[in-house]
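Peer 1: Mind looking over this structure? Questions follow.
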Amino acid sequence: PITPGELLCLGSSLAFSGLFYYLYRKKARVVARIQEAPKLQVDDDLPALVSAAEGRCLPYVALEGIVLPAKAALTSHYHEGLQGVIQKLLLKEHRLIWNSLARSW
């Protein structure tokens, strides 16, 4: 005979397994789209290509070309001779948050 506790454990185990499998498949699709991304060169044709795209946005592309670092290039600790740069990204969110201590937005 199966006890109610065992049924509860089995049901929750199946539910968590299904949830994690769903999340895995969702991320696997994103990885597949990134791996199949078209490779574009950074040249004079790139602005025209972006402006011709739907919504003036290219969803997943790999840009190839030479970039110059603003300060110094980052060097890899694991692969000798491998360098990279970081693109600065600024996100400014215009949202008011209620401060309960000051009683103001």
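The values are calculated or read from the model by the stated rules, or taken from the named source; none is laboratory data. Everything numeric here is computed off the predicted structure, so don't read it as measured data. Every residue, glycine among them, receives a Cβ derived from its backbone with ideal geometry; neighbour counts consider all protein chains shown.
Peer 1: For a quick check of your reading of the model, give me the residue pairs whose first member lies in the stretch 72-83 and is among the polar types (S, T, N, Q), whose second is loosely packed, with under 10 Cβ neighbours inside 10 Å, with beta-carbon atoms closer than 9 Å and at least 6 apart or on different chains.
Peer 2: Here the result reads Thr75/Gly81, each pair linking the stretch 72-83 to a residue that is loosely packed, with under 10 Cβ neighbours inside 10 Å.
Peer 1: What are the residues in the stretch 46-105 that are modelled with pLDDT under 80, of a type in the set (Ser, Thr, Tyr), over 21 Å from the mean Cα position of the chain (by Cα) and surrounded by 10 or more Cβ atoms within 10 Å (Cβ to Cβ), if any?
Peer 2: None; the set is empty.
Peer 1: Something else about it: Is it true that Ala28 is assigned to a loop (DSSP other than H, G, I, E, B) and either under 16 Å from the mean Cα position of the chain (by Cα) or aromatic (Phe, Trp, Tyr) (or both)?
Peer 2: No: the conditions fail for Ala28.
Peer 1: Taking the stated definitions as given, is Gly11 assigned to a helix (DSSP H, G or I) and loosely packed, with under 10 Cβ neighbours inside 10 Å?
Peer 2: no
Peer 1: Still on this structure, please answer the following. Return the residues of the stretch 43-76 that are in a loop (DSSP other than H, G, I, E, B) and under 24 Å from Val31 (Cβ atoms); say none if nothing qualifies.
Peer 2: The answer is Ala53, Cys57, Leu58, Pro59, Tyr60, Val61, Gly65, Ser76.
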